[in-house]
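**Q** Please read through the structure below; I'll follow up with questions.
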Amino acid sequence: MNTTPLAWVNGSDAPEKPSLDIGFMALSDCASVVVAATQGFAQQHGLTLNLKRQGSWASLRDKLASGELDAAHCLYGLVYALHLGIGGVPASPMAVLMGLNQNAQAINLSPALQRQGVTSPEALALRVHQAGAPLTFAQTFPTGTHAMWLYYWLASQGIHPLHDVRSVVVPPAQMAAHIQAGRIDGFCAGEPWSAAAVAQGQGFTLATSQSIWPDHPEKVLASARAFAEQYPNSARALVKAVLAASRFIEQSPENRRSTAQLLCGSAYLDTPLENIEPRLLGDYEDGLGHRWQDRHGLRLFDQGRANLPYLSDGMWFMTQFRRWGLLREDPDYLGVAQQVQQLALYRDAATAVDVPCPDSAMRSSLLIDGTCWDGSDPYGYARSFRLHALGEPPAARTGL
């Protein structure tokens with residue numbers, strides 16, 4: 001769509017910036033961004049999306065903060081860490097434009113542990129608390145979702161993630177290679193890399209992230225705050241396009257299958273279709289002989305329920321940063337979430353493409369350890385856990 005430079009000043013809703021550079025990582029949950037860019041949804045809203053695959057979350061973070069990327073498929077926790085200046089980088093005002101998905105990450109253990117009979121949470125806890133060298137677990141970014149799922153799950157099993165095991169950072173696509181080389185004993189990552197490790201005989205899936213928190217928040221469409229403020233029409237058009245693509249993918253199993261076929265291409269995930277398609281359809285095998293249809297598999301749309309940027313979702317990640325000592329002091333949980341979550345922009349875009357919007361910006365969830373999170377008392381919630389690192393110096397914890 002061609003517009004004169006001043007069209008938007010004169011009341012047009014045409015994108016002020018019609019060509020956008022969009023970052024993504026090679027993960028199944030980038031699906032709606034890839035489909036929006038390649039299947040005509042962006043063009044319908046006056047945009048050209050130039051997809052830029054990134055090799056690591058750190059690289060994506062730096063390019064998002066600098067404006068080299070206009071927006072990106074991004075870890076929820078990464079956005080908040082960057083906004084708050086956690087992890088050795090200056091604080092940079094950020095925006096969550098919409099949620100991209102819920103569920104569909106996993107914790108895998110190595111073949112060596114499988115051979116030792118460490119194939120249950122109880123057996124892992126027993127192994128961890130024996131004398132000897134600590135086990136090493138990988139996650140994809142120190143403040144990312146995978147670190148938080150790994151820490152939360154380990155703690156729910158009585159394993160302190162910062163004291164009882166070692167935690168290292170490995171890019172998601174490299175997890176199976178690190179398992180094979182014996183450098184790590186387990187990992188938490190997004191699909192298709194957990195499924196790929198199982199397919200390659202590199203261990204088994206011990207827990208899914210949806211078993212930790214059914215319908216948990218995961219990736220978001222994020223930008224620097226400056227992008228949303230300077231180019232509000234472009235930001236709205238981007239959300240419309242990605243929402244339309246999300247809805248399309250979930251309209252039928254056939255659309256999910258064609259999306260899996262698209263994602264396996266060399267420009268995107270560059271991995272065989274059989275690593276992507278089953279778990280994209282909710283069909284799980286754990287490598288221990290169990291197979292099931294997961295009721296809380298990858299949700300990219302779910303009638304918009306996967307996409308609203310709930311304030312309580314953003315607040316949860318801050319409570320975990322506080323719990324594990326990544327934040328030395330409590331932030332203004334609600335105030336920060338209201339700055340980051342672009343609820344008004346999202347609601348405008350969703351209404352324009354006939355996507356339902358829940359009335360409340362908070363939601364209530366029951367997690368694996370029996371705790372209920374609803375955003376009402378983040379200060380108390382951060383302090384409610386038996387295992388934590390509230391009082392420790394941050395240098396020992398960040399792993400950066």
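The values are calculated or read from the model by the stated rules, or taken from the named source; none is laboratory data. None of the values given here were measured: they were computed from a predicted structure. So basically every Cβ, Gly included, is an ideal-geometry build from the backbone, and we count neighbours across all protein chains shown. We work out accessible area using only protein heavy atoms, side chains counted, and drop any ligands, DNA or RNA first. Shrake-Rupley method; radii C 1.70, N 1.55, O 1.52, S 1.80 Å.
**Q** Say R0 is 22 Å: what FRET efficiency, to the nearest 0.05, do Q130 and L288 get from their beta-carbon distance? Don't skip to the end; give the middle numbers.
**A** Details: r = 22 Å, r/R0 = 0.99.
With a Förster radius of 22 Å, E is 0.50.
**Q** Could you name the lysines whose alpha carbon sits less than 22 Å from that of K63, not counting residues in the same chain fewer than 8 places away?
**A** Within the straight-line limit of under 22 Å, K63 reaches these lysines: K17, K52, K219.
**Q** Residues of the stretch 240-258 with backbone nitrogen within less than 18 Å of a virtual label 7 Å along the Cα-to-Cβ line of D215, please, listed as ranges.
**A** 247, 250-251
**Q** Once a ≥ b ≥ c are taken as the square roots of the eigenvalues of the Cα gyration tensor of the stretch 264-310, is the result rounded (a/c under 1.5), prolate (a/b larger than b/c) or oblate (a/b not larger than b/c)?
**A** Details: a/c = 3.20, a/b = 1.21, b/c = 2.64.
Note, shape of the stretch 264-310 comes out oblate.
**Q** Which of the trypsin sites (Lys or Arg not before Pro) found in the stretch 150-254 are in a DSSP loop and have at most 15 neighbouring Cβ atoms, other than their own, within 10 Å? Before the final figure, lay out the partial values.
**A** On the way: sites: R166, R183, K219, R225, R236, K240, R247; in loops: R183.
The qualifying sites are R183.
**Q** Another question, if that's okay. In the stretch 298-400, which trypsin sites (Lys or Arg not before Pro) are in a loop and have at most 14 other Cβ atoms within 10 Å, using DSSP for the loop call? Intermediate results must be reported in sequence, preceding the final value.
**A** Values: sites: R299, R305, R322, R323, R328, R347, R363, R383, R386, R397; in loops: R305, R328, R363, R383, R386, R397.
Sparse-neighbourhood loop trypsin sites (Lys or Arg not before Pro): R328, R383, R386.
**Q** Okay, next question. When the Cα centres of the stretch 197-230 and the stretch 266-339 are compared, how far apart do they sit, in Å?
**A** Using only Cα atoms to place each centre, the spacing works out to 4 Å.
**Q** Quick one: accessible area per residue over the stretch 162-202, 1.4 Å probe, rounded to a whole number of Å²? Before the final figure, lay out the partial values.
**A** Values: 1550 Å² over 41 residues.
About 38 Å² of surface per residue is accessible.
**Q** How much net charge surrounds T351 when only other residues with a Cβ under 12 Å from its Cβ are counted (Lys, Arg +1; Asp, Glu -1)? Walk me through the numbers before you get to the answer.
**A** On the way: positive: R236, K240, R347; negative: D348, D354.
Its environment carries a net charge of +1.
**Q** Take the alpha-carbon centre of the stretch 17-94, take the same for the stretch 134-195, and report the distance between them in whole Å.
**A** That distance is 23 Å.
**Q** Next question, about the same structure. [x] 80, 45, 40; [y] 71, 45, 34; [z] 68, 57, 39: which one is Cα extents along the principal axes in Å as calculated from this entry?
**A** Label of the calculated value: [y].
**Q** Moving to a separate point now. A42: net charge of surrounding residues, Cβ under 13 Å, Lys/Arg +1, Asp/Glu -1, itself excluded? The partial results should precede the final answer.
**A** Details: positive: K17, R236, K240; negative: D21, D70.
It works out to a net charge of +1.
**Q** Please report the antiparallel percentage of DSSP beta bridges with both residues in the chain, rounded to the nearest 5.
**A** Numbers: 25 of 40 bridges.
Here the share of antiparallel DSSP bridges comes out near 60 percent.
**Q** Using amide H atoms built 1.01 Å from N in the peptide plane, name the residues 5+ places from N50, or on other chains, whose amide H lies under 5 Å from its own.
**A** L20, D21, I22
**Q** Counting each DSSP H run of 4 or more residues in the chain as -39500 (n - 2.57), what helix-only mean residue ellipticity at 222 nm follows after dividing by all residues, to the nearest 500 deg cm²/dmol?
**A** Numbers: 18 runs with 152 residues, N = 400.
After summing the helix terms and dividing by the residues of the chain, the value is -10500 deg cm²/dmol.
**Q** Here is a further query. Would you list the membrane-span-like helices of the chain, meaning whole DSSP H runs whose alpha-carbon atoms span at least 20 Å along their axis and whose mean Kyte-Doolittle value is at least 0.0? Walk me through the numbers before you get to the answer.
**A** Values: long enough: 232-249 (26 Å, 0.71).
Result, helices passing both filters: 232-249.
**Q** Which FRET efficiency, nearest 0.05, do R386 and E229 yield, Cβ-Cβ r, R0 56 Å? Provide the component values of the computation, followed by the final result.
**A** Values: r = 42 Å, r/R0 = 0.75.
Efficiency for this residue pair is about 0.85.
**Q** Compute, for the stretch 313-400, the length of the dipole vector about the Cα centre, with Cβ point charges of +1 (Lys, Arg) and -1 (Asp, Glu) only. Units Debye, rounded to 20.
**A** On the way: 8 positive and 11 negative charges, 79 e Å.
Dipole size: approximately 380 debye.
**Q** Note down the net charge around A197, summing +1 for each Lys or Arg and -1 for each Asp or Glu among other residues with Cβ under 15 Å from its Cβ. Write out the running numbers ahead of the final one.
**A** Details: positive: R183, R279; negative: D185, E191, E274, E285, D286.
Net of charged neighbours comes to -3.
**Q** Non-local amide H neighbours of G265 (under 5 Å, H modeled in plane, Pro and chain starts lacking H): which ones?
**A** D270
**Q** Report in % the part of the accessible area of the chain that belongs to carbon and sulfur, leaving out ligands and nucleic acids; probe 1.4 Å. Could you put the intermediate results ahead of the total?
**A** Values: 7270 of 14900 Å².
Answer for the chain: carbon and sulfur cover 49 percent of the accessible area.
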